[in-house]
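Structure record follows, encoded as structure tokens.
The values are calculated or read from the model by the stated rules, or taken from the named source; none is laboratory data. Bear in mind that the values here come from a model prediction, so they are computed numbers and not experimental data. Neighbour counts are summed over all protein chains in view; Cβ atoms, including those assigned to glycine, are modelled from backbone coordinates with ideal geometry. Surface accessibility is based on the protein's heavy atoms, side chains included, excluding ligands, DNA and RNA. Shrake-Rupley method; radii C 1.70, N 1.55, O 1.52, S 1.80 Å.
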Amino acid sequence: MIQSTLAILASKSASFILKKGFKKGTSLPGKIASKICPDIMRHVSKHVKIVLITGTNGKTTTTSMVYHMADKTDIPAFSNVSGANMEWGIITSFIDHYRFFKKEEKTAVIEIDEANVPLICRHVKPDIICITNLFRDQLDRYGEVYTTLEKIMKGVAYHPDTLLILNGDEPLLGHLDCPNPKRYYGFNISHDQDQQIEMNTDAKHCIVCKHPYDYDFVTYNHLGKYHCPNCGYERPELDDGVDAILEMKPYGSKVIINNEEYTISQAGLYNIYNALCAYSIASALSINPSIIKDVLENQESRFGRQEVISLEDKKLTIFLVKNPAGFNQTIDTIALDQEPFTCLFMLNDRYADGTDVSWIYDVHLENLIKMPIKEYIIGGIRAYDMAVRLKIATGQSDHLAVYEDYEAITKAILAAPTTHIYATLTYTAMLEYRKYLENAGYIKDYWR
């Protein structure tokens, strides 16, 4: 008890100093606490209903949606809104919301890095673990999608009675060898009824017998209504499903979920998946349907997930891109806009981005030539690699311009021939450029 109390006090003190003095403090306080008391999570998670959301794409947006739904209920909720989704960052979030003398029930909606699921689950029992999807991402760190799934399932194995909420359209999740209760969500229809998966699809062979899947339809990448013609393995029955896509616009979508119409404030097919996932989690938490509907309709895009930033008379929409599947969905979302626009690309190769940038050749950048793009602005550590890829994709170089630093990039944005600029930024590029814009006065709420 003394050890855990010291750990909590040390962490809270470090968090206060770092946030007030440096606008930082998402991971170090948790590291300090875990050094003093290695099982600190057992102490600070008492009386807390825990929802863990993991997977390759969509976990940040889905976590935000579910948190805002849970926060509108009678039970207080918190989340790691800073985006620090590894062990120490999650510990920091729990300690920040821990109260010594006020023991009340809370709901923690936590985004968690795939490899960190077992690190957290060894100390606490989540009520729900949600897996959004599994795509190739940072191969130098995670390996292939099967390795990523194995990491997650090591955490799941600690708690065989925890509810799993799973993307039923993800073939890797339909045949999990675990006794946990499961709730599946997915699409009952496809936007374009495509039946063919791409050559470089991440998981195109049956997880049971290794035979190629057949699809009734593909939503994107390897997601869709699948079955194996060899062994009979097929998509599980869905508990929550998109029954119709009524509208897809640059500013959002209208869909039918479980026979009810919903408006989703964030654009793109992948955000319909995120909204459906949030719906499924919220339903499992018995959150009022009117709250679910309200949040999906009014959810704000923030921190690089279709976030819109005003730069004088320009509107910059930022998309975080980190793997081919997500980048392709970003391109499809941008394509919904029929008005002329400018594109900004920033490619970094730091550890958090993935040091191998060859993945950009699996991105459908060739589709850009069909869009009303007036100018390409290119930056980042690997700007010239991106410039070469764009030259190959578009067959031209006249409208491609590489800039060496953020000041030059910003000047190019302000001088762009269009009002709207769509920016696709890898992770560290997004963090660094947002910080630059904050220091320049364009962003007021960097520390959320």
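With the structure loaded, tell me whether Val208 is among the β-branched types (Val, Ile, Thr) and under 19 Å from Leu149 (Cβ atoms) or whether it fails that test.
Values: among the β-branched types (Val, Ile, Thr): yes; under 19 Å from Leu149 (Cβ atoms): yes.
So Val208 passes the test.
May I ask you to list the residues in region 419-432 that are open to solvent by 10 Å² or more (accessible area, probe 1.4 Å) and within 18 Å of Glu375 (Cβ to Cβ)? Let's see the steps before the verdict.
Residues of region 419-432 that are open to solvent by 10 Å² or more (accessible area, probe 1.4 Å), as a first pass: 419-420, 422, 427-428, 431-432.
Across region 419-432, the qualifying residues are Thr419, His420, Tyr422.
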Among strands (runs of 3 or more DSSP E) completely within region 95-212, the ones holding 2 or more residues that are modelled with pLDDT of 95 or more, within 22 Å of the chain's Cα centre (by Cα) and farther than 30 Å from Asp353 by Cβ are 182-187
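If you take the residues in region 221-242 that are part of a strand (DSSP E or B) and open to solvent by 50 Å² or more (accessible area, probe 1.4 Å), which one is nearest to Val308 (Cα to Cα)?
Lys225
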Does Tyr351 qualify as being among the aromatic types (Phe, Trp, Tyr), out of contact with any helix residue (DSSP H, G or I) (no Cβ under 7 Å at 6 or more places or on another chain) and within 28 Å of Glu144 (Cβ to Cβ)? yes
Any pair with Cβ under 8 angstrom, 6 or more apart, that starts in region 217-233 at a residue that is over 14 Å from Gly168 (Cα atoms) and ends at one that is among the hydrophobic types (A, V, I, L, M, F, W, C) and surrounded by fewer than 19 Cβ atoms within 10 Å (Cβ to Cβ): Cys228/Val208; Cys228/Cys209; Asn230/Cys209; Cys231/Val208; Cys231/Cys209
Counting just the residues of region 374-407 that are over 13 Å from Phe345 (Cα atoms) and open to solvent by less than 30 Å² (accessible area, probe 1.4 Å), which one comes out nearest to the chain's Cα centre (by Cα)? Ala393
Would you tally the residues in region 62-86 being in contact (Cβ under 8 Å) with a residue 40 or more places away in the chain, open to solvent by 30 Å² or more (accessible area, probe 1.4 Å) and of a type outside the set (Lys, Arg)? 7
Within region 29-47, count every residue that is over 17 Å from Met1 (Cα atoms) and either in contact with a strand residue (DSSP E or B) (Cβ under 7 Å, 6 or more places away or on another chain) or surrounded by fewer than 18 Cβ atoms within 10 Å (Cβ to Cβ) (or both). 1
Enumerate the pairs (first residue in region 296-307 and within 14 Å of Ala275 (Cβ to Cβ); second residue anywhere and open to solvent by 50 Å² or more (accessible area, probe 1.4 Å) and not in a helix (DSSP H, G or I)) with beta-carbon separation below 9 Å, excluding pairs fewer than 6 apart on the same chain, so at least 6 apart or on different chains. Ser301/Val308
